[in-house]
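Following: one structure in structure tokens, then a few remarks.
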Amino acid sequence: MRLDIISIFPEYFAPLDVSLIGKARERGTLDVRVHQLRDWAHDVHRTVDDTPYGGGPGMVMKPEVWGEAIDAVIGDVGGDVGGDVGGAVGGASAEDEGHVTPQTAAPRAGGLPRLIVPTPSGRPFTQELAQELAQEPWLLFACGRYEGIDSRVMEEYSGRLRVDEVSIGDYVLAGGEVAVLVMAEAIGRLLPGVLGNAQSVVDDSFAPGSMENLVEGPVYTKPPVWRGHEVPAVLLSGHHGNVARWRRDEAIRRTVRNRPELAAALDPEKLDKHDRKLLDELSFRVRRKDVAN
Ligand code: JD8
């Protein structure tokens, strides 16, 4: 997968040089290129913002600069706009480092990226959307700052690209960079071969499957007793059935406690007799399927 990021703070993306994503880049599974938006601002102050039409606080990011930047990146199927700032901020693309693999080979000629614009007013970023985006060969993230990006930019590219305005959660950030770091990791770890054992994405919380809509339960490792705190005996029993049952019970308890809206949305057809008995004990009622949200 090729992943381009345009921002006025490219240094925010140094974390993409390390850990899972860093290794995926070294292996050529992921081709991350970070671009300095100001490279497409041609005045002496490299201005990227201006006052909002209609008045109000703050500044808005100028459409012309974004237009030039996005045109340059999407036009660069050949890879010569290799992200002109060092690391993930180093600019060298998989190509430059000769790591061209089927995954990172420049997207199909004529292939265009899917444009992802983080904004607090966007559609929720979920595990399901992460899985959808992980299927894309090329993603382009546009990081806004100030009060946001002039809305005509998304309008302009909606005619040519798949454009998604996405929010990572109901709280206000100062810009899109942190949101892109969150999405890059959530998507990157789903790419083939990125996670050591693929099993772990199968059991991901929020992902379609047996633990869908259930949050993770508690986890333990050695020593069996720490400061007088014992590991639950069932986990030391070696009885896989009992362990699986205990883990599901703990996931249900924690979901009812911390995410009742998720627990309420549990699919009754995916609940077995034991699940229903536990939910009764927790006096928790799951919404019947035919009852609309
Ligand atoms: C992009 C500018 C700041 C937002 C005035 C504060 C995502 N879940 C999320 N919360 N906040 C963002 C986000 C915030 C951004 C930008 C994403 C670009 N800002 C603005 C509007 C109010 N300031 C986000 N994803």
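The values are calculated or read from the model by the stated rules, or taken from the named source; none is laboratory data. This structure is a prediction, so every number in the text was calculated from the model and none was measured. Every residue, glycine among them, receives a Cβ derived from its backbone with ideal geometry; neighbour counts consider all protein chains shown. These accessible areas exclude ligands, DNA and RNA; they are computed on the full protein's heavy atoms, side chains included. Shrake-Rupley method; radii C 1.70, N 1.55, O 1.52, S 1.80 Å.
Table for the structure above
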| item | result |
| --- | --- |
| With every protein chain in place, the stretch 1-42: carbon and sulfur % of accessible area (1.4 Å) | 58 |
| Order by protection proxy (mean Cβ within 10 Å, highest first), peptides 227-238, 248-259, 135-146, 26-37 | 26-37, 135-146, 248-259, 227-238 |
| Heavy atoms of K277 accessible to a 1.4 Å probe, total area in Å² rounded to 10 | 130 |
| Net charge contributed by nearby residues that have their C-beta within less than 13 Å of V48 (K/R +1, D/E -1) | -4 |
| Pairwise label distance in nanometres, E269 with V18, each label 7 Å out on the Cα-Cβ vector | 4.6 |
| Within-11-Å neighbourhood charge of L133 [Cβ basis; K, R +1; D, E -1] | -2 |
| Solution diffusion estimate, µm²/s, Stokes-Einstein, the stretch 221-293, Kirkwood Rh from C-alpha pairs, 4 °C, viscosity 1.567 mPa s | 93 |
